[in-house]
1. Among the listed pairs 200/226; 301/382; 275/412; 160/206; 285/403, which have their C-alpha atoms separated by more than 22 angstrom in this model?
2. Could you order peptides 201-207, 123-129, 338-344 by the average number of other Cβ atoms within 10 Å of their residues, highest first?
3. Strictly greater than 17 Å: what percent of every Cα pair in the range 265-312 meets that?
4. Given a 1.4 angstrom probe, I'd like the percentage of the accessible area of the chain that is carbon and sulfur, rounded to a whole number.
5. Per residue, how much space in cubic angstrom lies within the convex hull of the C-alpha atoms of the chain?
6. Give me the dipole magnitude in Debye, nearest 20, for the chain about the Cα centre, with unit charges on the beta carbon: positive for Lys and Arg, negative for Asp and Glu.
7. For the range 338-420, take N as its residue count and report Rg(C-alpha) divided by 2.2 N^0.38 Å.
8. Any idea what the alpha-carbon Rg over 2.2 N^0.38 Å comes to for the range 231-332?
Amino acid sequence: MKKIFKYMLMSVFGIASLASCSDDRDANPTIQDPTAFVLNTPATADQYVDLGRDKENGTVNFTFSQPDYGYAAAATYNVQVSLQESFDDMVQLDGNYAVCDIDVPCSQIAEAVCKLRGVTGEDDYTDEPARKVYFRIQAQVMTMANTIILSNVVALNQVKGYFALKQPGYIFLVGAPEGWVGPTEGNKDHYAAWKLYESKDQIGSKIYSGVFDIPAGKFQFRFYTKLTGWENDSYGIQVDDSPIEIALEDGKYEGALVKGKGSFQVSDWAGGSVKITVNMSDDTKMKVKFEAGGVDLSNKKFIYLVGAPEGWSGPDEGNIAHYEDWKLYDMADNGIYSGTFDIPEGKFQFRFYTKLTGWDGGDSYGSQVDDAPVDITWNEGKASAKAMTGKGSWQDPSWTGGKVYIEVDTNKGQVTFEQK
């Protein structure tokens, strides 16, 4: 059994503060500006805290009082971390809490420490002795404006970190383009240039992509998830170790991927760049896509189109594979997302989601706050409208079908549609 360790951060007031956390509400509460919000002083502030002792299950416990909003408001709490008592630079951890006694994952704290140190990858990480790390809590009544309050700052004085940044996963292209060198650990330097990566915004998705220059006559390859030799961890078009001819129609091919050694092959390939996407998010329905001349989007930010064109499938992590074809990308890294989609007849109704956190996860971006559609008006094949955080969709009840270029400007709060 793995041990879950806690470092109890409680003062003599801790027990009393817990009692103040209540879900009771007045029938017609009048909210007031809170004046007291206490994160309990750590009784064990000088204890050695090794964040890497139990990377999967380790937690640090915090207790605090409920802000005095004038009644027992149902507040949402977030943990903030800094290496400075002044909090001039800080990281807010993932996760919303609804109670005043919380167990914060050590992995999240270690990741925050890495970010605050300026670490961006494993190559620039250096080990360091235990150091002081500061914490505070942010409280907010999510349904009411101007209710944010910050607690006092407390410190753990001996926190030992580790490299905890989540890095995109990758797989390897193995075949004629790289010379059939052999997928072994001894050839890892060779295969550094033949990796397909997860998107930085989809770490853990098992959706890998990359753009490669495939020389003429060299379109024959499969994929390996590890460099363990020819016999293991191979994925291709069939189980048997024999290539199968495929055809790129209009420069594209989509097909199934299986665990096996059969290579994808295009005998008359004339040479050029190919974008390859390997979707292994569902072990039972793995897929591969080839796009001649495609653009590498693995490092680009994106949002999702959610609505009638894709079937209102539900913007949650379980549908990550489904939404792979419904992304708008920020190509210039300037907060403007774009994409072209084929919208079927009668299906022009949708909004956008910045993350797949569910219908009510707070990541919906649409025509208005309320969950009701707003009609758009075309002018010479173009239309524009306001966009904001909310669940209102855009719709055209008279849409007869066709392709539409969509641009979402999150800086100006505007969406533009153009018929193609």
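1. As for pairs spanning more than 22 Å Cα to Cα, those are 301/382; 275/412; 160/206; 285/403.
2. Answer by packing, highest mean first, reads 201-207, 338-344, 123-129.
3. Considering the range 265-312, 61 percent of its Cα-Cα pairs are separated by more than 17 Å.
4. The computed percentage sits at 47.
5. 190 Å³
6. Once rounded to the nearest 20, the dipole reads 440 debye.
7. 1.04
8. Relative to the rule-of-thumb radius for its length, the range 231-332 sits at 1.22.
The values are calculated or read from the model by the stated rules, or taken from the named source; none is laboratory data. Values in this document were obtained by computation on a predicted structure and should not be read as measured data. All Cβ positions, glycine included, derive from the backbone under ideal geometry; neighbour counts span all protein chains shown. With ligands, DNA and RNA removed, areas are computed over all heavy atoms of the protein, side chains included. Shrake-Rupley method; radii C 1.70, N 1.55, O 1.52, S 1.80 Å.
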